[in-house]
Structures are given as C-alpha cells and as structure tokens.
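Engineer: Shown below is the structure under consideration.
The values are calculated or read from the model by the stated rules, or taken from the named source; none is laboratory data. None of these values were measured; they are calculated from a predicted model. Virtual Cβ from ideal backbone geometry, glycine too; neighbours counted across all protein chains shown. Each accessible area value is taken on the protein alone, full model and side chains, heavy atoms only, with ligands, DNA and RNA left out. Shrake-Rupley method; radii C 1.70, N 1.55, O 1.52, S 1.80 Å.
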Amino acid sequence: MFDTISDKFQDISRRIFSGGKLTEKNIEEAIREIRTALLEADVNYGVAKTFIQRVKEKALGEQLVKSVKAREQFIAIVFDELVSLMGPVDTSISFAEKRATVIMMAGLQGSGKTTTCGKMAKFLIKKGHRPLLVAADIQRPGAIEQLQILGETLGVPVFSEPNWTPPKICAKAVAEASKKNCDVVILDTAGRLHIDEGLMKELGEIKKKTKPDNIFLVTDSMTGQDAVNSAQEFHKLLGLDGVVLTKLDGDTRGGAALSIREVAGCPIKFVGMGETLDRLEEFDPQRMASRILGEGDLAGIAAIAKDLINEEEAEKIQEKMLSGQFTLNDFLDQFSMMKKMGGFSDLMGMLPKNMLPPGAQEQLQSGDAENMIKHTEAMIHSMTPQERNHPDVLDGSRRLRVAKGSGKTIQDVNQLLKQFQDMRKMMGNMGQMGGFMDKLMGGGGGLPSMAGGLPGMGGMGGMSGKMRSKRKKKPRRKK
Amino acid sequence: MFLKKSIDKLKSALDRTRKILNTDISDLFQLGRKIDENFLEELEEKLITADVGVETTLYLISSLRESYKNKEIENKEAILDFLKETLKKKLSKKENTIARASEGPTVILVAGVNGVGKTTSIAKLTYYFSQEGKKVILAASDTFRAAAIEQLEKWAQRLDVDIIKQKMGADPAAVAFDAIEAAVARKADILIVDTAGRLHTQKNLMQELGKISRVMKKKIPDAPHEVLLVLDSTTGQNAIVQAKQFDEVISLTGIFLTKLDGTAKGGVVLAIQNQLETPVKFIGLGEQYEDIEVFDGERFVDALFS
Ligand SMILES: Nc1nc2c(ncn2[C@@H]2O[C@H](COP(=O)(O)OP(=O)(O)O)[C@@H](O)[C@H]2O)c(=O)[nH]1
Ligand SMILES: Nc1nc2c(ncn2[C@@H]2O[C@H](COP(=O)(O)OP(=O)(O)O)[C@@H](O)[C@H]2O)c(=O)[nH]1
Ligand SMILES: [Mg+2]
Ligand SMILES: [Mg+2]
C-alpha cells in the first residue's frame, strides 16, 4: 500500500509543472473524450455539441490549479456544468388549495407511467395524502387491471370506466375525488407517440378538462437520440412541470436526462430505480453527471472527495507530513476519512482502470483492499497512544503484544512499521525540498496521501459536489 | 398480404431518417461541395443522430474516407451507394428466417428489458403464424408484473389461441414446462413463451431466465428453437449491451425490433449488427397485432436512403 502511495506522489509531482491557463490546445484531448462520452451516453448530438461549446468558452483562459492537469480540470468543469444544468434538486409537487390536486402522467409506450403512478401514490401516502388512481389508459390490454392491482396493494381507490373516453374518465374522477375522500388525483394515461396527432390531441383535452397542477413526462432512461423529439413535442403541447426518469436501476448511462433537460427546460424530479413501488427516488444531478461521463471518471471521484475531506483536518495532517511528524494516529485518521468516503474499494473502483496501480484490480475484486485496511487498522488499534505517536518505542515485546492483540503475526507488524517509516522518511525529505509540498497541494489544500490515490482531488476548484451517501446497491426485487 | 401496408408504414416511419440522410447529403453536393472533413463530420452527425452509435459511425466514416482516398468514391451517387452497400452487407450477412422444429412444436422464447413490447410482439407473432395456418399456444411466464397475465390473456382471446397460465407470482419456469407439455399434447405447431421484463444487470433474474430456457429441454431437447430478444428502437446505445448480456444467458437467435412507427430511427440495428452476430428477424410498427413485418435488411436500408 505504501508503495502505491509513493507511486502516486511521483505521479502527482510529474503533473505539477503543468500549471498555467486552460487553452484550446491543452484541453483538446479532454474535449474529444467528453464528446465521445456524451454521445456514448446517448446525449443528443446537438445538445452535446452546444453543451461542449458553452463549457469550453467558459473554461478557456481559466487559471489552472497547479496540481491538476488541464484535462482533468476541464473534466471537473464539465462535471460542474452538468450538475448545475441538471440541478438543482427539485422534487416539489404543486398542491391545489381548494380542490383535489391533479397529477398527470404522460409519455411514450412502455416508459413506466403506470408503475410510476403507483410509486407516486405510495410516495404521497407517506406524506399523509389520500390519492386516487385513475385508469385513463383504455388502449393497452390489461392496463386497467394493472392499475387496479397496484391500487389494491396500496389500499388506494382506482377510478375506471372502460367504455368512456379518457378525457371524460379523468374529468369525472377529478370531480368525484372529494366524494371519495381523496385529496390527490393521479391520472395514468395511455402511452402514445408524440407524432400521433389524435392521441396527442386527447392529452390536450385531458389537460383542459382537469387542469392538472402537475404534468409529468415519464421517460425511459435508456432512450437514445430521439429523446429530444418526444420530450419537445410533449412539452410543446402540455407545458411539462417535471420529468420522471425510469429504469435507472440498470446500467444505462442515461444521457437522455441531459437532452430532455435541455429541450424541455423543466426539472427532472424523480427517478425510477426498480419495478416495485418503493423504488422512487429523488433525482440526484451529481450522480447523474458522473453516470453520463462514465463510471470510473475522475469527475465522479472529485465530486465525492471534495466535501468529504475536511479541509482543516487535512491541512493539519499535511503540516505534520511536511515536518516528518506524521504519526500512526494521523495515519489512522486518514483511514477513517477514507471510510467516510464509502469504502476504499468503491472509491478505487471508480478510478479508470489504467489509473489503478498494478495488482490493485485483482485486490479490489477479491475484496483485499478492504481487508488490507481492516488489518492495518486492527494493528494500529492494538497500540497504545504513546506507541502510535512514537512508533520508535515499539520494541520486540511490544510488537508481539500488538500482533497478538490484532490477531496478526509479528511479521505483519514489522512490515507495517517498516513501510510506515519509509513513508515518513520520504515525506520528511519532501518537506525539506522547499515548498515542494505547497506546489503539490495546489490551491485546494487537499490531501495527496492515501486519498492521493486520487490525483488531482485536492485541486478541483469550483466543484460544488455534495457528498453522496453510499453508492446505492442495485435493488433486488422481492417475489 | 400486409406487404403494401407495411411498406407504407415503414416508409413513413423512416421518413425522417431518409430526410436527414438523403436530403442533406444531396444538399451538400448541390452546393458543389467536395467530400472533405467537414462533409464527413456532417455525415457523422446524421448517423449518430439516428442512434447508429459512435463506434459504428466511426467505422463507416473511416471506410468512407479510405475509399475516397483510394479514389473509389468520387461523387454523390457513389457515396450513397457505398454507404448502402456497406450497410446492406452488414444487415444481410446472417440468415434471418425462423427456425422450425423438425417435428413437434417449435418453441419460441421471448425476452427483453422492461416495457420494450414483448407481450405485444408475441401477439403479433401469433397473428403472423396464425396467418400461415399454424396452431399457436402461448405461455404466460411473466408472473411478476401486475396484470401481465391478463394482458396476454386478452391477446389470446382476440387471436383465438390457447394460453397456459398460473397465478401471479408462480414460478415462470413451471409455467413454461406446463406449456410445453400442453403444446405437445395438443399438437400445437408453435409455442411462444412470454417472460417478465428484466434488466440485463439483474443477475438473479437473468438466471431465472436461463432456467426457463433449460426447463423446456426436459420435454423437447432442442427447445427453444428460437430465442428472440425484443428491443425498443427508441433505446439508445444500451441496446447493445442488452443484446450481449441476454445472448450470454439464453443464446439469442434473433431480434424483434419494436416501435419503429415512432421517430426513432432504428439506427441501433446497425450498431447491433456491427457488434453482434444476432440477426434482426421482425420489426414492430404499431400497437395492433397486425403491425408486424419480417425484417428485410435490403429494404430497410433502401427505405432509409431512398
Ligand atoms: N427496472 C425497472 N423497471 C421499471 C421501472 N419503472 C417501470 N418499470 C417496468 O417497465 C415496464 C413498463 O412499465 P409500465 O408502468 O407498465 O409502463 P407504461 O406502459 O408506461 O404504463 C414494466 O415491466 C415495469 O415493471 C423502473 O424504474 N425500473
Ligand atoms: N407504437 C408502438 N407501440 C408498441 C409497439 N410494440 C409495443 N408497443 C407498446 O409498448 C407498450 C409496452 O408493450 P408490452 O408488450 O406490454 O411490453 P412488455 O412489457 O415488454 O411486455 C404497450 O403500450 C404497447 O402497446 C410498437 O411496435 N409500436
Ligand atoms: Mg400504462
Ligand atoms: Mg409483457
């Protein structure tokens, strides 16, 4: 592990001379990369183009943070821009004052409207509302039954009149809501193509008759380039209040989110993370931005790391490192910092493969990285405070005690201490190299040590990243 | 029989793409432009906008550039022909007829991610085979989604075919096994098995799908004879990984590409053909059971460019 760290030191030191300004030339590579990433993520061609152009203009001439390569810096700026474009988080639902609130779901066939109606009902029940589900899809065989089953599971009434027209069904349901003791009406409309004039007109009529307080477009997150066309048409006709992006529990990069946001201009409010009714979540622009740029990109790491590292704490450790007074205690602090980041493996897993030190890939897969941390921690925990601050006092018998206390061998303890001494020596030398570390730290004051496995992390100026809690596990559906 | 109608439908569905690919290219030439880097970039835009995907597009463009350098292409006609030929070759390189059992029922397993149109496509296939005078039986192995069984049942009623089902939540493999026994006993020609939508990333559900496929072999060793992946043509690049993952688990024999009546260009087909060996066999052009067409690569490309 220490080897890795010193490798990274060298790596970073190689980068420090790349300070200066962002120029068209030094971000060329990044622009190509980002363009490809966006297109592979299904961001619409035109949207990607204007987006990159805009970000480029914004970034050009900006001062480079010394410790970060132009490429990475530009990626960070792109990330930031993606986040602000898709944000801020807005999951508000407009409620009517004097009558029942109407929420209308619309979208293409199979996008997840009916399921989302069920999820929305559940979400509202939790907030103390009494929703009414309305089966306005008389097109798809079994659509009414589907909604009825969802209503039954939720204990929510379902309004249906299979032989009426959808506008009439919806109008009647809204009129009867209060009689049914319901304060929110959720309209489940049939899927339709945005070029189907007849059916689009029908939506307009439903809107006219029910005056929805919220009109949500339900979109499949796997949608490709065409997302802009359908979103645009639905928006033009209905004036969308928000978007629900479904099926994000898969591995789609979800570039449609950016496209839709760009053409419809309304916020993406919720995301569907599974088939069951509890899998409705707030849209998270940060997470979406990382996703669009691709797993493993620095941007994701930068976003996570930024707020996590308590800068003061980091500075303190940094100072100690410089003076060669870095102790095992500080070392332990770093571990806990890393743990806060949601697990070492997770974090390392987000690095592009070619940035991982040799062998780390295997370790990650076998869970060794996590183990390694655990074992190291156990050993340090078995030391007295004095020993942690002054590892030199650890003689043979003390080492034996530590080994026993942590369930490790004395060789393990020896190795840990040797590596630690080497590292301290190296850092001491650096401290004496006159301002070297200052350069290394760049402007952000981050910590290029353990977490320095994440080059450039310290310097991502302007990252507005908020810590994401742990990466969510893929949901399993219960049968 | 539904040839005329489907050509019209297909044409109008592909109208947009045609406009993009043809009109614009002709415009470029009418303006007297040479085939230069700018031109290639614009062509790239057209292809990517049609969901062809970065990789396939780059491949096409670089072949184009190569041929231009070698003086194989010089004018507008040549460039279109070149593109069409390249694509046709790709799309037609594989046999895309439906496999039939040598004796006993032909079993068709239908799978795909959520909401792509599996059940509707099964209705269409049922109609297609019924037109041929075949006796079709359906298996309701989507026991998960609310009212999925009812949905298939309604199609079965409309199309007047038998359906084998159990209750919601039942083991889908057990339903498939029941169905295959019924298909043999009732001397059906074709058994089509509907399955629940599942994301290719869901390991347990993918395993479940593998089990459905395997359990049928107990009764008919070479079943399923056809394993169709239903792909939504509005889907972007994720369609490729979907195809790859499903192929790994159930060895696909073909693709049913749905919703081509929308404005999505179906360019994803080219991307898939560029990366996988699985041929597209059918396309879906609407929500009714007659909105089905056998996929024809040549015509598809012609419609795309004509
Ligand atoms: N994995 C996943 N599947 C979803 C999600 N939302 C809906 N689905 C599935 O997508 C399919 C279509 O959903 P449905 O609500 O019937 O779509 P509708 O035709 O727009 O009403 C069904 O199989 C749903 O279970 C989601 O967030 N994740
Ligand atoms: N426009 C159009 N809609 C389709 C097509 N195929 C299926 N659909 C619609 O897509 C939605 C989902 O279809 P379904 O068969 O239930 O999908 P499944 O969840 O994969 O079984 C339904 O509203 C269908 O009517 C098609 O080719 N064109
Ligand atoms: Mg529905
Ligand atoms: Mg289905």
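Engineer: Restrict the check to segment B:238-259 and report whether at least one residue is touching a Pro at 6+ places or on another chain (Cβ under 7 Å) and within 16 Å of ligand 4 (Cβ to nearest atom).
Structural biologist: The answer is no; no qualifying residue exists.
Engineer: Let me confirm something: among B:140, B:156, which residue is within 14 Å of chain A (Cβ to nearest Cβ), without any contact (Cβ under 8 Å) to a residue 40 or more places away in the chain, open to solvent by less than 10 Å² (accessible area, probe 1.4 Å) and touching a strand residue (DSSP E or B) at 6+ places or on another chain (Cβ under 7 Å)?
Structural biologist: Step by step, each of B:140, B:156 is checked, and only B:156 is within 14 Å of chain A (Cβ to nearest Cβ), without any contact (Cβ under 8 Å) to a residue 40 or more places away in the chain, open to solvent by less than 10 Å² (accessible area, probe 1.4 Å) and touching a strand residue (DSSP E or B) at 6+ places or on another chain (Cβ under 7 Å).
Engineer: Related question: Mind listing whichever residues of segment B:250-281 are more than 11 Å from ligand 2 (Cβ to nearest atom) and of a type in the set (A, V, I, L, M)?
Structural biologist: Hits for segment B:250-281 are B:250, B:252, B:255, B:268, B:269, B:270, B:271, B:272, B:276, B:280.
Engineer: Collect the residues in segment A:218-247 that are part of a helix (DSSP H, G or I) and at the interface with chain B (Cβ under 10 Å from one of its Cβ atoms), keeping them in residue-number order.
Structural biologist: Within segment A:218-247, A:227, A:228, A:229, A:230, A:233 meet the criteria.
Engineer: Does segment B:247-265 contain at least one residue that is farther than 30 Å from residue B:301 by Cβ, within 14 Å of another protein chain (Cβ to nearest Cβ) and in contact (Cβ under 8 Å) with a residue 12 or more places away in the chain?
Structural biologist: Among the residues of segment B:247-265, not one is farther than 30 Å from residue B:301 by Cβ, within 14 Å of another protein chain (Cβ to nearest Cβ) and in contact (Cβ under 8 Å) with a residue 12 or more places away in the chain, which makes the answer no.
Engineer: If I filter segment B:206-241 down to residues being surrounded by 22 or more Cβ atoms within 10 Å (Cβ to Cβ) and out of contact with any strand residue (DSSP E or B) (no Cβ under 7 Å at 6 or more places or on another chain), which single residue comes out as farthest from residue A:112 (Cα to Cα)?
Structural biologist: Across segment B:206-241, the extreme among qualifying residues is B:237.
Engineer: Out of all the residues in segment A:201-217, is one or more buried (at least 24 other Cβ atoms within 10 Å of the Cβ), at the interface with another protein chain (Cβ under 10 Å from one of its Cβ atoms) and within 19 Å of residue B:259 (Cβ to Cβ)?
Structural biologist: no
Engineer: Out of B:108, B:122, B:164, which single residue is touching a helix residue (DSSP H, G or I) at 6+ places or on another chain (Cβ under 6 Å), away from ligand 3 (no atom under 16 Å from the Cβ) and at pLDDT 95 or above?
Structural biologist: B:164
Engineer: Can you name the residue in segment B:103-122 that is open to solvent by less than 10 Å² (accessible area, probe 1.4 Å) and within 10 Å of ligand 4 (Cβ to nearest atom) and, of all such residues, is nearest to residue B:158 (Cα to Cα)?
Structural biologist: B:122
Engineer: Here's another thing I want to ask about it. Residue check: is residue B:28 buried (at least 17 other Cβ atoms within 10 Å of the Cβ), at pLDDT below 75 and within 25 Å of the chain's Cα centre (by Cα)? Let's see the steps before the verdict.
Structural biologist: On the way: buried (at least 17 other Cβ atoms within 10 Å of the Cβ): yes; at pLDDT below 75: yes; within 25 Å of the chain's Cα centre (by Cα): no.
So residue B:28 does not fit the description; no.
Engineer: So which pairs qualify, if the first residue must be in segment A:120-144 and away from chain B (no Cβ under 14 Å), the second must be more than 16 Å from ligand 3 (Cβ to nearest atom) and of a type in the set (Asp, Glu), the Cβ gap must be under 7 Å, and the two must be at least 6 apart or on different chains?
Structural biologist: A:129/A:183; A:130/A:183
Engineer: It is to be established whether one or more residues within segment A:153-176 are crowded, with 22+ Cβ neighbours inside 10 Å, over 17 Å from residue A:199 (Cβ atoms) and within 16 Å of ligand 2 (Cβ to nearest atom).
Structural biologist: Within segment A:153-176, not a single residue is crowded, with 22+ Cβ neighbours inside 10 Å, over 17 Å from residue A:199 (Cβ atoms) and within 16 Å of ligand 2 (Cβ to nearest atom).
Engineer: Of all helices (runs of 4 or more DSSP H) completely enclosed by segment A:103-185, which ones contain at least 1 residues that are touching a Phe, Trp or Tyr at 6+ places or on another chain (Cβ under 7 Å)?
Structural biologist: Of the helices (runs of 4 or more DSSP H) lying wholly inside segment A:103-185, those with at least 1 residues that are touching a Phe, Trp or Tyr at 6+ places or on another chain (Cβ under 7 Å) span A:166-176.
Engineer: Would you be able to tell me the number of residues in segment B:37-53 that are surrounded by fewer than 19 Cβ atoms within 10 Å (Cβ to Cβ) and either β-branched (Val, Ile, Thr) or in contact (Cβ under 8 Å) with a residue 12 or more places away in the chain (or both)?
Structural biologist: Looking only at segment B:37-53, we keep the residues that are surrounded by fewer than 19 Cβ atoms within 10 Å (Cβ to Cβ), and these are B:37-42, B:45.
Narrowing further to those that are either β-branched (Val, Ile, Thr) or in contact (Cβ under 8 Å) with a residue 12 or more places away in the chain (or both): B:40, B:42.
Of the residues in segment B:37-53, 2 are surrounded by fewer than 19 Cβ atoms within 10 Å (Cβ to Cβ) and either β-branched (Val, Ile, Thr) or in contact (Cβ under 8 Å) with a residue 12 or more places away in the chain (or both).
Engineer: Taking the stated definitions as given, is residue A:240 touching a Cys at 6+ places or on another chain (Cβ under 6 Å) and more than 16 Å from ligand 3 (Cβ to nearest atom)?
Structural biologist: yes
Engineer: Continuing with the same structure: Take the residues of segment A:186-216 that are in a strand (DSSP E or B) and within 14 Å of ligand 3 (Cβ to nearest atom): which is nearest to residue A:122 (Cα to Cα)? Explain how you work it out, then say what you get.
Structural biologist: Of the residues in segment A:186-216, the ones in a strand (DSSP E or B) are A:186-189, A:214-216.
Still in the running and within 14 Å of ligand 3 (Cβ to nearest atom): A:186-189, A:216.
On the way: A:186: 11, A:187: 14, A:188: 14, A:189: 18, A:216: 16 Å.
Across segment A:186-216, the extreme among qualifying residues is A:186.
Engineer: Taking the condition in contact (Cβ under 8 Å) with a residue 12 or more places away in the chain and of a type in the set (Asp, Glu), does residue A:176 pass?
Structural biologist: Yes: the conditions hold for residue A:176.
Engineer: Further question on the same structure: When the residues of segment A:44-64 are filtered to those that are in a helix (DSSP H, G or I) and modelled with pLDDT under 90, which remaining residue is most open to solvent (accessible area, probe 1.4 Å)?
Structural biologist: Applying the first criterion (in a helix (DSSP H, G or I)) to segment A:44-64 yields A:45-59.
Okay, now just the ones that are also modelled with pLDDT under 90, so A:58-59.
On the way: A:58: 123, A:59: 0 Å².
Looking at the filtered set, the residue picked out is A:58.
Engineer: Just the residues that are crowded, with 24+ Cβ neighbours inside 10 Å and over 23 Å from residue B:151 (Cα atoms), please, taken from segment B:171-199.
Structural biologist: Correct list: empty.
Engineer: How many residues are open to solvent by less than 10 Å² (accessible area, probe 1.4 Å), closer than 23 Å to residue A:265 by Cβ, of a type outside the set (Gly, Ala, Ser) and within 25 Å of the chain's Cα centre (by Cα) when one looks only at segment A:67-107?
Structural biologist: So the count comes out to 4.
Engineer: Please state which one of B:163, B:192 is within 13 Å of another protein chain (Cβ to nearest Cβ), more than 16 Å from ligand 1 (Cβ to nearest atom) and outside any helix (DSSP H, G or I).
Structural biologist: Working: B:192 fails: within 13 Å of another protein chain (Cβ to nearest Cβ).
After ruling out the rest, the residue left standing is B:163.
Engineer: For segment A:108-136, enumerate the residues that are open to solvent by less than 10 Å² (accessible area, probe 1.4 Å) and within 16 Å of ligand 4 (Cβ to nearest atom).
Structural biologist: The one that is open to solvent by less than 10 Å² (accessible area, probe 1.4 Å) and within 16 Å of ligand 4 (Cβ to nearest atom): A:111.
Engineer: Looking at segment B:217-228, is at least one residue touching an Asp or Glu at 6+ places or on another chain (Cβ under 7 Å) and under 19 Å from residue B:98 (Cβ atoms)?
Structural biologist: Within segment B:217-228 (the criterion being touching an Asp or Glu at 6+ places or on another chain (Cβ under 7 Å) and under 19 Å from residue B:98 (Cβ atoms)), the answer is no, since none of the residues qualifies.
Engineer: Another question, then. So, residue B:125, is that one in contact with a strand residue (DSSP E or B) (Cβ under 8 Å, 6 or more places away or on another chain), closer than 30 Å to residue A:48 by Cβ and either assigned to a helix (DSSP H, G or I) or open to solvent by 60 Å² or more (accessible area, probe 1.4 Å) (or both) or not?
Structural biologist: The answer is no for residue B:125.
Engineer: Related question: Quick check, is residue B:287 out of contact with any Phe, Trp or Tyr (no Cβ under 6 Å at 6 or more places or on another chain) and facing chain A (nearest Cβ under 10 Å)?
Structural biologist: Details: out of contact with any Phe, Trp or Tyr (no Cβ under 6 Å at 6 or more places or on another chain): yes; facing chain A (nearest Cβ under 10 Å): yes.
Taking the combined requirement at face value, the residue satisfies it.
Engineer: Could you check segment B:222-306 for helices (runs of 4 or more DSSP H) lying wholly inside it with 2 or more residues that are among the aromatic types (Phe, Trp, Tyr)?
Structural biologist: Numbers: elements: B:238-250, B:268-275, B:297-305.
In segment B:222-306, B:297-305 are the helices (runs of 4 or more DSSP H) which contain 2 or more residues that are among the aromatic types (Phe, Trp, Tyr).
Engineer: Now for a separate question. Within segment A:61-111, which residues are among the aliphatic types (A, V, I, L, M) and within 16 Å of ligand 3 (Cβ to nearest atom)?
Structural biologist: Result: A:103, A:104, A:105, A:106, A:108.
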